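Reading through the structure tokens given below for one structure.
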Amino acid sequence: MLGLLRNTQEPTRTVDALQPGASGDRGLPPAGTETEIERLRGVIAQLMHTAAHDPLTGLLTRGLLLERLQNELAREAADDARIAVLFVDLDNFKLVNDSLGHGSGDEVLSEMARRIVGCIGPQDIASRFGGDEVVVLHPHAIDGSGEALGQRILAALADPIFISGKEVVVTASVGIALCKPGVKSAEQLLREADTALYAAKDRGRARLVEFNDELHTRVEKRLQIESDLRAALRKSQFFVEYQPQVRLKDGCVVGVEALVRWRHPVHGVVAPGEFIPVAEDCGLIVPIGRQVLLESCRQLSEWMQAMPGRPLAITVNVSPRQITEPAFFTELRQILAETGIDPASLCLEITESVMMSATEEVVRVLNQVKALGAYIAIDDFGTEHSSLSRLRDMPAEVLKIDRSFIDGLSSEPGDTAIVSSILSLAYAMGKHTIAEGVETREQAAMLLRMGCEVAQGYFFSRPVAAERIGPMLSRALWEPRSARALHSAHATEGLARRGHRYFIDEFLDHIGAPMGTKAGP
Ligand code: C2E
Ligand code: MG
Ligand code: MG
């Protein structure tokens with residue numbers, strides 16, 4: 001017990017007073033004497049202190065903070081002071097626990113509490129609300145003192161912590177909400193501070209966000225989406241569109257990416273970017289993702305039956321919430337069995353950020369998927385900081401080059417260099433590549449020359465309804481016009497070297513242009 005609460009009046013007795021043998025026949029003063037009364041007072045005070053404080057951090061319990069907050073909110077609003085509530089939460093605390101063990105995690109929490117208490121004023125109180133979440137009540141906030149307190153806490157927590165000789169750096173996020181007495185309930189003020197904390201995490205962590213009307217509107221909208229999503233599941237308003245994936249050397253459709261859409265009764269068709277993040281947060285991504293996977297496999301099976309012997313793969317986006325669902329792998333196997341599709345024609349897409357921060361649990365499931373014969377692709381590759389050793393160890397066979405690099409293929413030498421490097425890396429690691437977001441013939445031709453195998457994008461086709469895919473399976477979606485591109489793609493030298501050489505050609509073209517030496521296409 002650290003006894004961290006400021007202003008605490010309780011006498012600091014040790015727990016020895018509660019131990020058998022500490023008094024009585026075995027030393028107890030006679031009942032009713034002043035010494036005995038004094039002793040009992042001490043025991044009661046100790047019990048009350050224990051009940052009021054969190055055993056690990058010594059901070060006040062949640063119940064007591066709530067009681068104090070309610071009292072503050074009920075007081076007369078005599079001056080301009082407002083009541084501020086600050087939600088403080090460590091960023092990535094789970095990582096500390098997972099990597100250093102729970103003992104170290106506890107030490108970090110104790111130190112966090114000590115530092116927070118070092119920042120608060122004599123009228124403020126701090127309470128552990130659970131896990132790594134601490135709530136600070138600053139009952140007399142004037143002239144931005146609440147925000148200043150939050151910033152002091154952020155700065156204090158950002159200093160390294162030394163645990164068993166190791167330096168641990170943990171940052172925190174703070175959400176703050178303020179109101180005058182009598183305006184809001186304790187629950188509402190806490191909810192608003194929590195919302196602000198959530199926004200701080202969302203905006204990149206290690207920062208303070210104050211609750212305001214705009215945040216309020218956003219939260220309302222979010223809650224509305226969440227409730228609409230629940231209804232959408234019940235009413236089967238989700239459907240899947242498919243975007244062809246084209247083999248660059250001959251324009252043949254070799255696969256399709258399944259992309260979910262929501263037919264909203266009021267807003268029309270809603271794109272996944274609008275609702276997937278909400279569905280991920282509230283867990284609805286699990287049933288939505290299950291529907292998408294089942295529908296995609298069912299659709300693939302229908303195409304396969306219509307065109308036996310025609311090879312076709314399907315790639316389906318999955319979110320981490322789905323993969324960590326205990327039933328995920330069993331359900332995947334069931335879906336494959338029900339629809340009768342070969343696991344080798346299914347590829348699960350996982351974004352690079354998820355892949356790089358994948359827990360052991362996620363990697364275990366991905367390995368099971370791989371062992372089953374299905375493929376794993378890293379989506380939006382190049383946008384995060386991939387560690388090469390992690391990339392080597394991950395069970396992913398396909399890299400999907402993010403659209404942002406394809407955008408600049410013809411105009412930005414930097415993007416050309418990145419695409420070229422990704423292709424070389426993929427080749428060296430024995431992985432396949434799919435370029436995303438190809439919008440022009442020029443981009444397709446460049447990718448082909450650089451050694452990219454497969455691409456998708458509006459240039460070939462937008463995502464379309466299933467019935468529009470059928471006719472695309474029997475024709476080429478493009479024909480490479482330039483013999484040079486084709487020749488280059490078929491050349492016997494390694495893809496990796498080809499990628500690099502292309503980049504060097506480009507670079508020479510670029511710097512040679514002013515002297516009139518730029519080669520034609
Ligand atoms: P993504 O998996 O990277 O999908 C590619 C996105 O780029 C799709 O957007 C697609 O319509 C769009 N796109 C394709 N070609 C082009 C192009 O040439 N130019 C441009 N500007 N865009 C192109 P969409 O359908 O809005 O999906 C957005 C994201 O939502 C997806 O990105 C994926 O991360 C997520 N998503 C979609 N469906 C699902 C799903 O069923 N489950 C999960 N968990 N996420 C999904
Ligand atoms: Mg994708
Ligand atoms: Mg992508």
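A short reminder: the numbers here are calculations on the coordinates, not readings from a lab. All of these numbers come straight from a predicted model, not from anything done at the bench. In this analysis, Cβ positions are derived from the backbone assuming ideal geometry, glycine residues included, and neighbour counts consider all displayed protein chains.
Provide, for the chain, the number of lysine pairs with alpha carbons under 25 Å apart, each pair being eight or more places apart or on different chains.
Eligible lysine pairs with Cα atoms under 25 Å apart amount to 11.
Rounded to two decimals, what ratio of Rg to Rh does the chain give with C-alpha atoms and a Kirkwood Rh?
With Rg and the Kirkwood Rh in hand, the quotient comes to 1.11.
Binning every alpha carbon pair distance of the range 62-220 at 10 Å from zero, what are the percents per bin?
Here the calculated profile for the range 62-220 is 11, 41, 33, 12, 2, 0.
Mind listing the long-range amide H neighbours of Leu208? Cut-off is under 5 Å, sequence gap 5 or more, other chains count too, H placed in the peptide plane at 1.01 Å from N.
Under 5 Å from the amide H of Leu208: Val174.
Which semi-axes, in whole Å and largest first, does the equivalent ellipsoid of the range 57-155 have when worked out from the alpha carbon gyration tensor as the square roots of 5 times its eigenvalues?
28, 14, 10
Quick check: from the Cα gyration tensor, does the range 307-387 come out rounded (a/c under 1.5), prolate or oblate? Write out the running numbers ahead of the final one.
Numbers: a/c = 2.54, a/b = 1.44, b/c = 1.76.
Judged from the Cα gyration tensor, the range 307-387 comes out oblate (a/c at least 1.5, b/c at or above a/b).
Rounded to the nearest 20 Debye, what is the dipole magnitude of the range 37-76 about its Cα centre when Lys and Arg each give +1 and Asp and Glu each give -1 at the C-beta?
So the dipole magnitude of the range 37-76 works out to roughly 120 debye.
Which of the listed residues, His140, Ala206, Gly63, is farthest toward the dipole's positive end in the chain, when Lys, Arg count +1 and Asp, Glu count -1 at the beta-carbon?
It is Ala206, whose Cα lies furthest towards the positive end.
Could you tell me how many degrees, from 0 to 90 and to the nearest 10, lie between the Cα long axis of helix 213-234 and the main elongation axis, the longest principal axis, of the Cα atoms of the chain?
Once rounded, one gets 60 degrees.
Of the options Leu372, Val183, Val254, report the single residue whose Cα projects farthest towards the positive end of the charge dipole of the chain (beta-carbon charges: Lys, Arg +1; Asp, Glu -1).
Checked the options; the winner is Val254.
Against the longest alpha carbon principal axis of the chain, how many degrees, from 0 to 90 and to the nearest 10, is the axis of helix 413-429 turned?
90
If you fit an axis through the alpha-carbon atoms of helix 441-450 and take the longest principal axis of the Cα set of the chain, what angle between them do you get, 0 to 90°, nearest 10?
Taking Cα atoms only, the helix is inclined about 90 degrees.
What per residue convex hull volume, in Å³, do the alpha-carbon atoms of the range 241-390 yield?
Considering the Cα atoms of the range 241-390, their hull volume per residue is 144 Å³.
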